[in-house]
Ligand code: GLN
């Protein structure tokens with residue numbers, strides 16, 4: 001049924017970059033056979049899951065929606081893929097995204113933009129826009145995305161689904177193509193908190209080959225969500241955040257209404273401060289490009305990825321010439337912009353002024369959250385400043401595009417978990433999400449509150 005839905009709807013929305021029809025049918029048949037024989041099956045037996053195209057899969061390409069990796073098929077599976085296969089999930093294909101996960105609209109993809117299933121003239125959000133759209137269009141019940149500065153939550157919000165960015169290290173990054181290694185996390189996207197919980201339970205856990213993965217037991221998230229009683233829970237709201245320029249009235253209204261729903265469920269709303277929140281976006285846009293420029297230096301045309309066959313520039317010689325042309329042809333303009341910013345900020349003489357300073361501010365931002373979580377169990381606020389905007393609207397204005405991340409990058413800088421949950425529609429019928437954030441490793445709390453809200 002997923003394959004039919006993709007065939008029917010994908011020509012309009014362009015959410016899927018690769019369909020693994022044969023392998024998916026083989027897995028589904030195998031599950032059916034084992035079910036009929038009464039054999040034990042995994043928790044996701046027969047469930048079709050779509051995978052953001054920056055997670056390594058041995059039987060499908062992994063292109064990061066970049067010309068640079070157009071034909072790349074990785075020699076190993078990411079840990080999350082191995083876990084999904086072990087749980088008997090059906091891996092249906094790979095999803096469209098912003099190139100190397102840099103963007104908030106899915107428009108920087110080498111495959112062309114994904115369109116929002118709710119309105120095809122609107123962006124689906126990014127960078128996991130394909131993963132959000134494929135669920136929202138009913139192609140698959142769930143998908144995996146990655147979130148470095150909001151890339152799971154913001155598209156989830158724009159497409160009216162639920163998306164969770166786990167605590168840094170909760171899900172292994174082994175086999176995730178790195179954008180900004182200290183911020184990246186893989187996470188689940190689906191309609192409901194229940195489905196997100198089940199998927200998180202499957203993909204979370206320690207991986208010895210990933211030194212940043214956390215060696216702590218994985219709770220049974222799907223059990224944590226069973227009670228809807230929020231009595232005694234304190235939910236912090238950042239009043240300043242609701243006064244911020246650029247926050248759409250419809251989003252402000254959704255957050256206010258969500259506060260009332262939580263009060264009706266028995267929670268108490270408290271005011272909190274995150275005094276350095278105005279520095280989230282500038283800090284993120286130093287740290288993320290710095291790490292990206294370092295991570296992306298491996299695409300030189302020599303080891304793997306696109307290799308240019310352009311003529312040698314005599315001034316550069318054969319090697320430099322190949323590097324230069326391969327990178328020039330392989331990367332799109334947003335990726336090049338990030339590499340230039342990062343290289344500049346990491347260079348001698350500027351390192352202390354930019355990168356080191358950003359790391360210090362990051363510590364202050366973490367401290368803000370520690371203090372806020374002394375007063376509140378969860379924080380509630382917007383996911384994105386607006387609902388989905390029109391294609392092309394912000395493509396030529398990087399600063400406007402970066403401001404889409406106003407509410408999401410804080411959780412990445414602090415390493416804490418956060419979820420976006422659907423919270424109604426705006427006047428033009430487009431979905432709006434609200435965001436909950438929790439202290440590190442408190443995904444259960446997020447899911448429990450999200451399930452009660454839904
Ligand atoms: N929009 C942000 C960026 O462009 C976040 C991307 C992400 O989380 N991968 O960097």
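The values are calculated or read from the model by the stated rules, or taken from the named source; none is laboratory data. What you see is a predicted model, and the numbers here were worked out from it, not measured in a lab. For neighbour counting, all protein chains shown are included, and Cβ atoms are generated from backbone atoms with ideal geometry for every residue, glycine included.
What about residue 164, is it crowded, with 24+ Cβ neighbours inside 10 Å, farther than 26 Å from residue 248 by Cβ and modelled with pLDDT of 95 or more? Spell out how you get there, then give the answer.
Numbers: crowded, with 24+ Cβ neighbours inside 10 Å: yes; farther than 26 Å from residue 248 by Cβ: no; modelled with pLDDT of 95 or more: yes.
Spelling it out, it is not the case that residue 164 is crowded, with 24+ Cβ neighbours inside 10 Å, farther than 26 Å from residue 248 by Cβ and modelled with pLDDT of 95 or more.
Could you identify the single residue in 204, 133, 137 that is out of contact with any strand residue (DSSP E or B) (no Cβ under 9 Å at 6 or more places or on another chain), crowded, with 24+ Cβ neighbours inside 10 Å and at pLDDT 95 or above?
Working: 204 fails: out of contact with any strand residue (DSSP E or B) (no Cβ under 9 Å at 6 or more places or on another chain); 133 fails: out of contact with any strand residue (DSSP E or B) (no Cβ under 9 Å at 6 or more places or on another chain).
After applying the criteria, what remains is 137.
Could you check, for segment 424-438, whether at least one of its residues is within 16 Å of the ligand (Cβ to nearest atom), touching a residue at least 40 places away in the same chain (Cβ under 8 Å), assigned to a helix (DSSP H, G or I) and touching a helix residue (DSSP H, G or I) at 6+ places or on another chain (Cβ under 6 Å)?
no
To keep it simple, each residue is scored yes or no on (1) within 16 Å of the ligand (Cβ to nearest atom); (2) over 19 Å from residue 404 (Cβ atoms); (3) in a helix (DSSP H, G or I); (4) within 15 Å of the chain's Cα centre (by Cα).
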| site | (1), (2), (3), (4) |
| --- | --- |
| 106 | yes, no, no, yes |
| 111 | no, yes, no, no |
| 126 | yes, no, no, yes |
| 132 | yes, no, yes, yes |
| 150 | yes, no, no, yes |
| 169 | no, yes, no, yes |
| 181 | yes, yes, no, yes |
| 187 | yes, no, no, yes |
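Output the residues belonging to segment 79-104 that are away from the ligand (no atom under 16 Å from the Cβ), in a loop (DSSP other than H, G, I, E, B) and in contact with a strand residue (DSSP E or B) (Cβ under 7 Å, 6 or more places away or on another chain).
89
Is it the case that residue 345 is more than 19 Å from residue 99 (Cα to Cα), surrounded by 20 or more Cβ atoms within 10 Å (Cβ to Cβ) and within 16 Å of the ligand (Cβ to nearest atom)?
Working: more than 19 Å from residue 99 (Cα to Cα): yes; surrounded by 20 or more Cβ atoms within 10 Å (Cβ to Cβ): yes; within 16 Å of the ligand (Cβ to nearest atom): yes.
In short, yes.
Could you go through segment 214-229 and let me know if any residue there is closer than 30 Å to residue 429 by Cα and either buried (at least 22 other Cβ atoms within 10 Å of the Cβ) or away from the ligand (no atom under 16 Å from the Cβ) (or both).
First pass over segment 214-229, keeping only residues closer than 30 Å to residue 429 by Cα: 225, 228.
Filter once more, so that each one left must be either buried (at least 22 other Cβ atoms within 10 Å of the Cβ) or away from the ligand (no atom under 16 Å from the Cβ) (or both): 225, 228.
Looking through segment 214-229, at least one residue is closer than 30 Å to residue 429 by Cα and either buried (at least 22 other Cβ atoms within 10 Å of the Cβ) or away from the ligand (no atom under 16 Å from the Cβ) (or both).
Residue 407: part of a loop (DSSP other than H, G, I, E, B) and modelled with pLDDT under 95, yes or no? Walk me through how you get there before you give the answer.
Details: part of a loop (DSSP other than H, G, I, E, B): yes; modelled with pLDDT under 95: no.
Here the answer is no, as residue 407 does not meet what is asked.
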